[in-house]
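J.: After the structure tokens below, expect a handful of questions from me.
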Amino acid sequence: MQARPALPDATVRLQGLQIGRHDLTSADRRAAILAASHADLVDAFCDAASSADPALVEPLARQVGLPVGEVAASYFGLRSIALAALEGAAVAHHEVRAAVAWPSELAGGDEVDDADAQWDRGVFRFAKYRAFLQDEPFAGFNPDHMAKWGPHELLHRAAGFFWRDDASSWEHYLGARLNELVPVVVWYGLDEVARLDRVGFDRALDADDRLVAPERALWLAGPTPLRTAAAASIEHLRTAIVHFERELAAIDRELATGLQVSIPTNGLDASSDAIAYVVGHGPRLASARFAALADHVLVPNEQAMDSGVCTSLRRYRDRVEALFDRLVFGDIELDLRVARARMQARVVWDVAQRAVHADRANIVRLSPALAAAGLAVAQAWAGDATPAASAAAGVLAALPAATSKVVAALGIPPGVARDTLGDAATASPEQLAEGVASVAPATLAALERVAPDWVAHAVSADALWARAPLATRLGPLLPDDVAIRSLWKLETAIARCVARDDASERLGAEPVWPAEGARLARSSAFEVIDLVADPVAMHAAWAEGDGIDPSLLGRPASYLVGAWFDGVSLVPCPPIVRQLLDELGADSVDADLAAARLDAVGASEGGEDWPHDGVAWVEELVAAGALRWVPAIS
């Protein structure tokens, strides 16, 4: 099981768009884009994008913890990630970042979905208002999300956040709306310029586009593909500027008048989203716990850190506008060594942040450690990360032991916290084990018998850091053990049975013989799995509490598995059954003919409990939901 190599030393240089004169204001530069011709925009974009060195995409990806293809997907996405990395930001892995239990006073109101985190069939689900905090130092990396999330989430960290101890809900609303501005404009506009190998955001297609191959980034393939991609998509740049101007003008009016300005556009309503954020996080931001974090760690570093807290709304508004200006027009030079020192500052910030939110934390006892953490953040941000380790350790030491272990499991990329916390402490094998249990509990039991350290190694494996189902990422890491691999294939197939076939469940009928023109249709909810050894008996014995017994493994077998109402059906699938299903596809077949064909299933192929003839096979497959009986229409 391979872990990630050490983080590289490199300098990333990215040129901004050169439109109009250099002495223009940021507003004038945006107006120049709106006034420019299509050809001029293509030329300016190609000049800027050609400055990117493809060889530096992978070092940047490893620095922030994102898949390489996600970093390479678009030039503005790459610039977004580089700007965040310059501020020391990286992603924290949703599945191995231990969930911190909050005290009830930090939760939102009754109308807020604020349930505890839990695993569901290999997906780690957080309540909406626990999954995203604008004031966290690291961005979330959720493998269940599409590949566009990386630049978006990291830009939230580059923007920092507004907070003041006496801020009103209205001010928190404006701060929340400002924090979302640049990330949302990038998502729907800038990130669509020359993105991958197609034009335009399609929610359905992009939702399936989680694992992006770097080769699809045509803009990096040379001058001709770059120009072709730019010419086809450059109007998204103009769309982004219009979006930014519209939102910033609305916020400026709100700042000036105190009146809410809602401008819903194409299904987006930034005002409504900001209100929802304040409802969910208002109690937390107004709490004494958060004030302790801000007073000791964040506010003392406000002047030095452009991506930390900002206590003035008007200054924060200007910071957000400057971030967008830099993203579009500025030349970016990112020294990854400097970025790593700033990362250590964020590690200390993150430990302190999580500590004050922990249910069992005593804020009075924490205060001296928080003060030391604030000083360590300042020194690390200035380039001296020496005090970071002792400051983080001091915060952890001020917590109960069990809470300290949870708080330390930050879930950040291996290597990022090596000098501060040690990599072994920064991921939660217990939380990942719960994830494996949610998708393959018998396999986990077998692993504990054969390879008890497997989960502890998996939390730092490179394969974990991809956007794909948990089973897809962890399957290749399994030991070469027939029992374990067979159980895994069976259990993960069962866990995949989520989509149901409405026609089969709602419109099917009981078989009536003779069929007299009735037909059979295949359910779309079922798939065939082939197993090198049959683990069903072994799994059944484990479920009865008898433990894992590899001697119960059977010979190679195939099964039909699929969702059927609120359960899952598992049916043997000998070759003739499989051939019939393959031929059916989206068509239907005469029920009598199907039964006659299934008569050929030999008794020697299966066990005593298999159907004894073709009619029994049809009835078995219909009862399981794999086939739908369609009566003849008179």
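The values are calculated or read from the model by the stated rules, or taken from the named source; none is laboratory data. This one's a predicted model, so the numbers in the text were calculated from it and none came from an experiment. Please note: Cβ atoms are built from the backbone with ideal geometry, for glycine as well, and neighbour counts cover all protein chains shown. Note: areas computed on protein heavy atoms with side chains; ligands, DNA, RNA excluded. Shrake-Rupley method; radii C 1.70, N 1.55, O 1.52, S 1.80 Å.
J.: Rank these residues by their accessible area, most exposed first, probe 1.4 Å: THR472, THR265, THR224, THR492.
T.: THR224, THR472, THR265, THR492
J.: Any chance you could get the radius of gyration and Dmax over the Cα atoms of the range 322-481, in Å?
T.: 18.8, 57
J.: When N counts the residues of the range 191-246, how does its alpha-carbon radius of gyration compare numerically with 2.2 N^0.38 Å, as a ratio?
T.: Numbers: Rg = 12.3 Å, N = 56, 2.2 N^0.38 = 10.2 Å.
Here the answer is 1.21, to two decimals.
J.: Counting pairs of Cα atoms in the range 69-155, how many percent are more than 16 Å apart?
T.: Percentage above 16 Å: 59.
J.: Tell me, which longest segment in the chain has none of the GluC sites (Glu not before Pro) that fall in DSSP loops with at most 15 further Cβ atoms within 10 Å? Provide the component values of the computation, followed by the final result.
T.: Numbers: sites that count: GLU111, GLU516, GLU544, GLU608.
With a cap of 15 other Cβ atoms within 10 Å, the longest stretch comes to 112-515.
J.: Taking a probe of 1.4 angstrom, what is the accessible area of CYS310 in Å², to the nearest 10?
T.: Solvent-accessible area, nearest 10 Å²: 0 Å².
J.: Using the Kirkwood radius over Cα pairs, work out the Stokes-Einstein diffusion coefficient for the range 523-634 at 10 °C and 1.306 mPa s, in µm²/s as a whole number.
T.: 104
J.: Taking 1 over the mean of 1/r across every pair of different Cα atoms in the chain, what Kirkwood radius in Å do you get?
T.: Details: mean 1/r = 0.0368 Å⁻¹.
Taking every pair of different Cα atoms in the chain, averaging 1/r and inverting gives 27.2 Å.
J.: On to the next question. Go through LEU248, LEU570 and list them by solvent-accessible area, largest first, probe radius 1.4 Å.
T.: So the residues, ranked largest to smallest area, are LEU570, LEU248.
J.: Could you quote the convex hull projected area for the range 424-508, Cα atoms only and averaged over all directions, in nm²? Mind dumping the intermediate values first?
T.: Numbers: hull surface 27.4 nm².
Mean orientational projected area (the range 424-508, Cα hull): 6.9 nm².
J.: Ignoring everything but the protein chains, give the 1.4 Å probe accessible area of MET538 in square angstrom, nearest 10.
T.: MET538 has an accessible surface of roughly 0 Å² with all protein chains in place.
J.: Related question: How big is the accessible area of ASP318 in square angstrom, nearest 10, if you roll a 1.4 angstrom probe over the protein chains?
T.: In the full protein context, ASP318 sits at about 80 Å².
J.: To the nearest 500 deg cm²/dmol, what mean residue ellipticity at 222 nm is calculated for the chain from DSSP H runs of n ≥ 4 alone, each contributing -39,500 (n - 2.57), summed and divided by the residues?
T.: On the way: 28 runs with 308 residues, N = 634.
That comes out to -14500 deg cm²/dmol.
J.: Using only the alpha carbon atoms of the range 241-300, find the Kirkwood hydrodynamic radius as the inverse mean reciprocal pair distance, in angstroms to one decimal.
T.: Evaluated over the range 241-300, this radius sits at 13.7 Å.
J.: Go through the range 527-579 and name the chymotrypsin sites (Phe, Trp or Tyr not before Pro) that are in a DSSP coil and have 14 or fewer other Cβ atoms within 10 Å of their Cβ.
T.: Taking the range 527-579 and a limit of 14 other Cβ atoms within 10 Å, the loop chymotrypsin sites (Phe, Trp or Tyr not before Pro) found are PHE565.
J.: Mind ranking TYR129, TYR188 by accessible surface for me, highest first, 1.4 Å probe? Before the final figure, lay out each step's value.
T.: Numbers: TYR129 30, TYR188 65 Å².
The ranking, largest first, comes out as TYR188, TYR129.
J.: Then there's this: Kirkwood-based Rg over Rh for the range 272-398 (C-alpha set), two decimals?
T.: Working: Rg = 16.0 Å, Rh = 15.9 Å.
Value, to two decimals: 1.01.
J.: Separate question: Can you work out the accessible area per residue across the range 170-229, with the rest of the protein chains kept in place, probe 1.4 Å, in square angstrom?
T.: 40
J.: Rounded to a whole number, what % of the accessible area of the range 360-511 do carbon and sulfur atoms account for, probe 1.4 Å?
T.: That share works out to 57 percent.
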